[in-house]
Amino acid sequence: MIKFITGFIREHLTTKSTTMRNIFHTSAFFKSTLILMVVVFAASSNLMAQDSSAAKAPVTKSKSYVKNTFSGNYLIDDQTVMVPVKKTFGFYISHHFGLVNEGISNFFGVFELANMQFSLTYVPVKDLQLGFGFGNYNMEVNWNAKYALLKQTKDGSMPVSVTYFGLAAMNTQKASSSNYIVTTADRFSYFNQILIARKVNDKLSLQVGIALTHFNNVTGYYDSTGKIQSQMENNNWTFCAGGRYQVSPGMAIIVNYDQPLTQNPTNNPQPNISFGLEMNTSGHDFQIFAGNYGYALPTDNTVLNQNNYRKGQFVIGFIISRLWNF
């Protein structure tokens with residue numbers, strides 16, 4: 001190729017001066033320059049081809065997670081797998097009236113003393129929610145935390161969401177014969193729960209879970225030999241299941257069921273069945289329901305509940321939620 005180019009130039013420059021011909025006859029310089037240009041051009045073409053090949057390499061996509069498995073933190077008396085986005089502040093009011101089976105005499109439980117709970121939550125970092133609450137039953141205060149361990153993905157690589165919820169409650173009421181307290185530790189109870197949920201489709205979401213409730217102090221009695229015996233176990237296991245079905249853009253039917261698993265010496269807690277309606281907007285969530293759990297905290301409901309739904313011992317309740325994002 002180089003000989004062809006030099007011959008072409010010599011042929012077309014025969015009319016030029018001798019000095020110009022001498023320059024072109026300096027073949028070492030001329031040939032070296034042309035070789036260098038060809039090498040540079042070939043190298044540049046190879047790099048461009050490599051860059052083009054690299055640009056066509058597949059790009060790793062970030063995981064896309066399923067959204068709004070549930071519309072909020074609560075599924076009646078249970079938590080959900082949901083953790084709001086980072087920097088979300090939440091305020092919750094839960095209210096359980098008295099038993100409805102006494103009829104109009106107490107206006108279906110409305111005139112009875114109600115159990116109320118006020119809760120505040122905040123999400124300081126992604127997937128972690130911290131909370132504090134207080135209620136009128138035993139003047140209890142509580143601290144709680146929720147962490148999203150796994151999230152359901154849109155491509156099905158993770159088919160479920162898994163969340164941990166933990167709570168520590170303190171009975172702050174004065175010690176008495178009905179509220180027997182010896183040490184500060186006797187005031188505390190604890191609740192730990194693992195929740196597993198799946199959003200089946202745009203309308204239906206299902207959830208199951210297992211929970212362990214621990215009371216430092218349980219009621220006891222003296223047996224015939226004078227020894228103190230516990231009426232209940234300190235540790236109680238509970239299985240829970242629930243679901244949500246969207247019937248319109250702003251309304252859903254909600255249900256949940258809690259089954260005690262631990263066999264206690266006496267006073268075994270009754271299972272809970274609840275059902276209701278949920279109405280939500282972008283920042284508010286309102287649930288109204290009927291169920292036989294009458295307390296506000298899961299520690300009390302899973303161990304102390306004696307309302308039997310088979311006997312019609314239901315209570316009416318509601319939960320109001322409000323979220324802000326800062």
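With a cut-off of 15 Å between beta carbons, the residues surrounding S321 carry a summed charge of -1, where Lys and Arg count +1 and Asp and Glu -1. The local environment of L99, defined by Cβ-Cβ distances under 14 Å, has a net charge of 0 under the rule Lys, Arg +1 and Asp, Glu -1. Measuring how big region 205-253 is from its alpha-carbon positions, Rg and Dmax come out at 20.0, 64 Å. Across region 124-136, computed HN-Hα scalar couplings (Karplus, 6.51 cos²θ - 1.76 cosθ + 1.60, θ = phi - 60°) run x, 9, 4, 6, 10, 10, 10, x, 9, x, 8, x, 7 Hz from first to last residue, x flagging Gly and Pro. Backbone geometry of region 237-246 corresponds, through the Karplus equation with coefficients 6.51, -1.76 and 1.60 at θ = phi - 60°, to 3J(HN,Hα) couplings of 9, 9, 9, 10, 8, x, x, 9, 10, 7 Hz, x marking Gly and Pro. Taking other C-beta atoms within 10 angstrom as a stand-in for reagent exposure, F134, F91 fall in the order F91, F134, fewest first.
Cross-link check: pairs K67/K87; K63/K203; K67/K151; K67/K146 evaluated at a Cα-Cα cut-off of 21 Å; pairs beyond the cut-off: K63/K203. The amide H of D127, built 1.01 Å from its N in the peptide plane, has K86 as neighbours under 5 Å, considering only residues 5 or more places off or on other chains. Rounded to whole numbers, the Karplus 3J(HN,Hα) couplings from phi for region 175-185 are 5, 7, 5, 8, 10, 6, 10, 10, 10, 4, 4 Hz, using 6.51 cos²θ - 1.76 cosθ + 1.60 with θ = phi - 60°, and x at Gly and Pro. Principal semi-axes of the equivalent ellipsoid, √(5λ) from the alpha carbon gyration tensor of region 137-275, are 37, 16, 15 Å from largest down.
Within the straight-line cut-off of under 14 Å between alpha carbons, the aspartates and glutamates reachable from K86 are D127, sequence neighbours fewer than 8 places apart in one chain being disregarded. Close amide H contacts of E112 (hydrogens built in the peptide plane, cut-off under 5 Å, sequence separation of 5 or more or a different chain): G98. Calculated FRET efficiency, L149 to Q306, Cβ-Cβ distance, R0 = 45 Å: about 0.85 to the nearest 0.05. Summing +1 for each Lys or Arg and -1 for each Asp or Glu among the other residues whose beta-carbon sits under 13 angstrom from that of A296 gives -4.
None of the figures in this text is laboratory data; all of them are computed from the coordinates on show. None of these values were measured; they are calculated from a predicted model. Cβ sites come from the backbone with ideal geometry, for glycine too, and all protein chains shown count toward neighbours.
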